[in-house]
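*Asks:* Got a structure for you, written out below as structure tokens; questions coming shortly.
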Amino acid sequence: MRAMVYRGPYKVRVEEKPVPRIEHPNDAIVRVTHAAICGSDLHLYHGMMPDTRPGMTFGHEFIGVVEKVGGSVRNLRVGDRVMVPFNVYCGTCYFCARGLYSNCHNVNPNATAVGGIYGYSHTCGGYDGGQAEFVRVPFADVGPSVIPEWMDPEDALLLTDALATGYFGAQLADIRPGETVIVFGAGPVGLYAARSAWFMGAGRVIVIDHLEYRLEKARSFAFAETYNFAEYDDIVVHLKNITDNIGADRVIDAVGAEADGNFLQHVTAAKLKLQGGSPVALNWAIDSVRKGGTVSVMGAYGPIFSAVKFGDALNKGLTINMNQCPVKRQWPRLFDHIRNGYLKPNDIVTHRIPLEHIAEGYHIFSSKLDGCVKPIIVAEG
Amino acid sequence: MPAYPADRPNDPDTSALVERIPGWGVDADPADRPAVPKELPVGPAPGVHWQVPEEQPGREGRERSNEHAFLPPVFGTSTPMGGLSGIVRRRAYRFSEARAAHWLILLAADRVAATEAHVRSFAEGRPDNPITETGVKAELTHHGWSSRVGAKRADNNHAWIDPILVGGPWVAATVVAGLAGRAAVRGARRR
């Protein structure tokens, strides 16, 4: 089969690989019809995530058609069109039994601090991902769902991570009706988080980024008030000034490990890999939220230490909520929201790229060229 | 003397939002949200029909965090360890996830593995191509110049580092190979 293969930092190519096989009785093999490149794939692409091995296929956002099932699979049949959450999870461990599907303890030998994620290094379990023609899906009776007939395939694809995570991030912020919410990052997850903040009754939603075309999308898609931090000497002071010098009630970090805005933080994290992530957005979140407020973090960070301003968080009495999203818990409500016309997820898709051109796709997304917000990979033929 | 009051002087006006924003307030009840409560009442996830997951075969030699009591039943088999990088990785797994050594050694192993992969690509007759594999051609086809120039982008101040990170090792390897070749030729002439 054809598959994207990581060759080292900033380098990927498409190669022939063996079609994955059933390795466990509850596995399925899925023929991928749509995949996406996620902002967090860029952390792998840039070599930031420890134990990312050349030869691995990335891709934790994908949908497809069931090609083969293992002997114990009951809930899926060959030919079913399925959407697959980015979490690999067993459904029965201590954490899954409590709904913490993103924290499964039975699927990742390499680390206990993170669950299993498709195509996301051996630190997340060593599973190949969906930027390929076929992918192995463990615990096929638990993770995947059959795509509803009425659902646009691209919307189903975006539900496998970006939309679910953005919606989850807004929930982590614990928004109460009428409150002021700041979202750092106008990438796909930030856009969805901003849009979701309105579902929770926010009174004001402010989005911060440095890419003007993404801020335009935040205004048109997420109905947000926007500011380009590159135009301000100190964005935190500006945010304080526009929030009664008290700060926002809730702030969401939808940027994660490669945040810009501080040269030293960015270079030591994203280029020199001396931090698990550049915590610029997280520190701005801590500084721009009001005392007693909530910071929500679902931007991805690596496992190494990061220079986070915990003193400010402590002294302000903040609540910091965070996790990888347990995707499937979000689906029923989001299905309703899509069906009711509250949002159209694929409004943010800007690039549809054949698998054979995936190296260009990574470069366009990584370098923020051509107005790229969300690139998806489409099967050819 | 000014002082901060008990309420925000400029509370947002929400009266028109329900008309302007589709779905405004549909999840307004904090208790009625899919991620609330964080932990659900204990029970198997929907779809489960086993008490304990069966074990995936092929467990011998599979590395694991020393914070695990045993190898979990299911695991990825994407790219097993091998070569010099595999030796380095095994060293890393002696340290727990709590130790910086674990992660820093793994990062070092990643760089060793990338070098191994590049060398192997030549031996396998499909050498890595830094032009096609970096996708840098997109600079010409997808507005590389106009996407950056004239825009207030914070990443413009470090974009110059990327070509050095990507191309530097290739240039260095070429120079070293050239010098080694020249030394070998000179040595042969002297003999």
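For (1) in contact (Cβ under 8 Å) with a residue 24 or more places away in the chain; (2) at negative phi, each residue gets a yes or a no:
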| site | (1), (2) |
| --- | --- |
| A:244 | no, no |
| A:273 | yes, no |
| A:278 | yes, yes |
| A:281 | yes, yes |
| A:311 | no, yes |
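To keep it simple, each residue is scored yes or no on (1) facing chain A (nearest Cβ under 8 Å); (2) farther than 27 Å from residue A:273 by Cβ.
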position: B:113; (1), (2): yes, no
position: B:119; (1), (2): no, no
position: B:141; (1), (2): yes, yes
position: B:152; (1), (2): yes, yes
position: B:159; (1), (2): yes, no
position: B:168; (1), (2): no, no
position: B:172; (1), (2): no, no
position: B:175; (1), (2): no, no
position: B:183; (1), (2): no, yes
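*Asks:* Show the residue pairs meeting these rules: Cβ distance below 6 Å; 6+ apart or different chains; first residue within segment B:107-134 and farther than 25 Å from residue A:357 by Cβ and without any contact (Cβ under 8 Å) to a residue 60 or more places away in the chain; second residue assigned to a helix (DSSP H, G or I) and of a type in the set (A, V, I, L, M).
*Replies:* Qualifying pairs under 6 Å: B:109/B:88; B:112/B:84; B:112/B:88.
*Asks:* All but one of (1) within 7 Å of another protein chain (Cβ to nearest Cβ); (2) out of contact with any Ser or Thr (no Cβ under 6 Å at 6 or more places or on another chain) hold for residue B:65; state the number of the condition that does not hold.
*Replies:* Here residue B:65 meets the rest and fails (2).
*Asks:* Among all residue pairs at least 6 apart or on different chains, which show Cβ distances below 6 Å where the first residue, located in segment A:97-109, is modelled with pLDDT of 95 or more and the second is of a type in the set (Asp, Glu) and not in a loop (DSSP other than H, G, I, E, B)?
*Replies:* Once the first residue is modelled with pLDDT of 95 or more and sits in segment A:97-109, no partner that is of a type in the set (Asp, Glu) and not in a loop (DSSP other than H, G, I, E, B) comes close enough.
*Asks:* Another question, then. Does segment B:12-43 hold any residues that are over 16 Å from residue A:174 (Cα atoms), more than 7 Å from chain A (Cβ to nearest Cβ) and in a loop (DSSP other than H, G, I, E, B), and which are they?
*Replies:* B:13, B:15, B:16, B:41
*Asks:* Consider residue A:341 against the criteria (1) within 25 Å of residue A:208 (Cβ to Cβ); (2) in a loop (DSSP other than H, G, I, E, B): it satisfies all of them except one. Which criterion is unmet?
*Replies:* Of the numbered conditions (1) within 25 Å of residue A:208 (Cβ to Cβ); (2) in a loop (DSSP other than H, G, I, E, B), the odd one out for residue A:341 is (1).
*Asks:* Can I ask one more? May I ask you to list the residues in segment A:324-340 that are within 18 Å of the chain's Cα centre (by Cα) and facing chain B (nearest Cβ under 10 Å)?
*Replies:* Once the filter is applied, which keeps residues that are within 18 Å of the chain's Cα centre (by Cα) and facing chain B (nearest Cβ under 10 Å), segment A:324-340 yields A:325, A:326, A:328, A:329, A:330, A:331, A:334.
*Asks:* I'm trying to understand the selection: among the residues of segment A:7-16, which are under 26 Å from the mean Cα position of the chain (by Cα) and either charged (D, E, K, R) or more than 9 Å from chain B (Cβ to nearest Cβ) (or both)? Before you say what the answer is, go through the steps one by one.
*Replies:* Of segment A:7-16, the ones under 26 Å from the mean Cα position of the chain (by Cα) are A:7-15.
Answer for segment A:7-16, where residues must be under 26 Å from the mean Cα position of the chain (by Cα) and either charged (D, E, K, R) or more than 9 Å from chain B (Cβ to nearest Cβ) (or both): A:7, A:11, A:13, A:14, A:15.
*Asks:* Of (1) under 17 Å from the mean Cα position of the chain (by Cα); (2) within 23 Å of residue A:326 (Cα to Cα), residue A:294 satisfies all except one. Which?
*Replies:* Against the list (1) under 17 Å from the mean Cα position of the chain (by Cα); (2) within 23 Å of residue A:326 (Cα to Cα), residue A:294 comes up short only on (1).
Residues are listed down the side, and each one gets a yes or a no for (1) more than 9 Å from chain B (Cβ to nearest Cβ); (2) of a type outside the set (Asp, Glu); (3) under 17 Å from the mean Cα position of the chain (by Cα):
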residue: A:22; (1), (2), (3): yes, yes, no
residue: A:34; (1), (2), (3): yes, yes, yes
residue: A:45; (1), (2), (3): yes, yes, yes
residue: A:50; (1), (2), (3): no, yes, no
residue: A:54; (1), (2), (3): no, yes, no
residue: A:59; (1), (2), (3): yes, yes, yes
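*Asks:* Kindly indicate whether residue A:247 is touching a Pro at 6+ places or on another chain (Cβ under 8 Å) and of a type outside the set (Lys, Arg). Quick ask: steps written out before the conclusion?
*Replies:* Details: touching a Pro at 6+ places or on another chain (Cβ under 8 Å): no; of a type outside the set (Lys, Arg): yes.
No: the conditions fail for residue A:247.
*Asks:* While we're here: Take the residues of segment A:74-104 that are under 21 Å from the mean Cα position of the chain (by Cα) and of a type in the set (S, T, N, Q): which is surrounded by the fewest Cβ atoms within 10 Å (Cβ to Cβ)?
*Replies:* The residue in question is A:103.
*Asks:* Go through the residues of segment A:285-295 one by one and say whether even a single one is under 28 Å from residue A:121 (Cα atoms), touching a Ser or Thr at 6+ places or on another chain (Cβ under 7 Å) and either assigned by TED's automatic domain parsing to the domain that holds residue A:368 or part of a strand (DSSP E or B) (or both).
*Replies:* No, segment A:285-295 contains no residue that is under 28 Å from residue A:121 (Cα atoms), touching a Ser or Thr at 6+ places or on another chain (Cβ under 7 Å) and either assigned by TED's automatic domain parsing to the domain that holds residue A:368 or part of a strand (DSSP E or B) (or both).
*Asks:* A further question on this structure: Name the single residue, out of those in segment B:1-52 being surrounded by fewer than 15 Cβ atoms within 10 Å (Cβ to Cβ) and among the small types (Gly, Ala, Ser), that is farthest from the chain's Cα centre (by Cα).
*Replies:* For segment B:1-52, the residue satisfying everything is B:3.
Residue-by-condition table, conditions (1) at pLDDT 95 or above; (2) within 20 Å of residue A:188 (Cβ to Cβ):
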position	(1), (2)
A:249	yes, no
A:291	yes, no
A:300	no, yes
A:305	no, no
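*Asks:* Taking the residues in segment A:266-284 that are in contact with a helix residue (DSSP H, G or I) (Cβ under 9 Å, 6 or more places away or on another chain), part of a loop (DSSP other than H, G, I, E, B) and within 14 Å of chain B (Cβ to nearest Cβ) as candidates, determine which candidate is surrounded by the most Cβ atoms within 10 Å (Cβ to Cβ).
*Replies:* Taking the candidates together, the pick is A:277.
*Asks:* May I ask you to list the residues in segment A:262-315 that are over 25 Å from residue A:46 (Cβ atoms) and in contact with a Cys (Cβ under 8 Å, 6 or more places away or on another chain)?
*Replies:* If the condition is that a residue be over 25 Å from residue A:46 (Cβ atoms) and in contact with a Cys (Cβ under 8 Å, 6 or more places away or on another chain), then no residue fits.
*Asks:* Just to be sure I understand, how many residues within segment A:74-98 are more than 10 Å from chain B (Cβ to nearest Cβ) and of a type in the set (A, V, I, L, M, F, W, C)?
*Replies:* Start the filter on segment A:74-98 by keeping residues that are more than 10 Å from chain B (Cβ to nearest Cβ), which leaves A:77-87.
Filter again for of a type in the set (A, V, I, L, M, F, W, C), leaving A:78, A:82-84, A:86.
The qualifying residues number 5.
*Asks:* Right, next: Tell me the residue from A:33, A:52 that is in contact with a strand residue (DSSP E or B) (Cβ under 9 Å, 6 or more places away or on another chain), surrounded by fewer than 21 Cβ atoms within 10 Å (Cβ to Cβ) and touching a residue at least 60 places away in the same chain (Cβ under 8 Å), please. Explain how you work it out, then say what you get.
*Replies:* Values: A:52 fails: surrounded by fewer than 21 Cβ atoms within 10 Å (Cβ to Cβ).
The conditions single out A:33.
The values are calculated or read from the model by the stated rules, or taken from the named source; none is laboratory data. Small disclaimer: the values here were computed from a predicted structure and weren't measured. Every residue, glycine among them, receives a Cβ derived from its backbone with ideal geometry; neighbour counts consider all protein chains shown.
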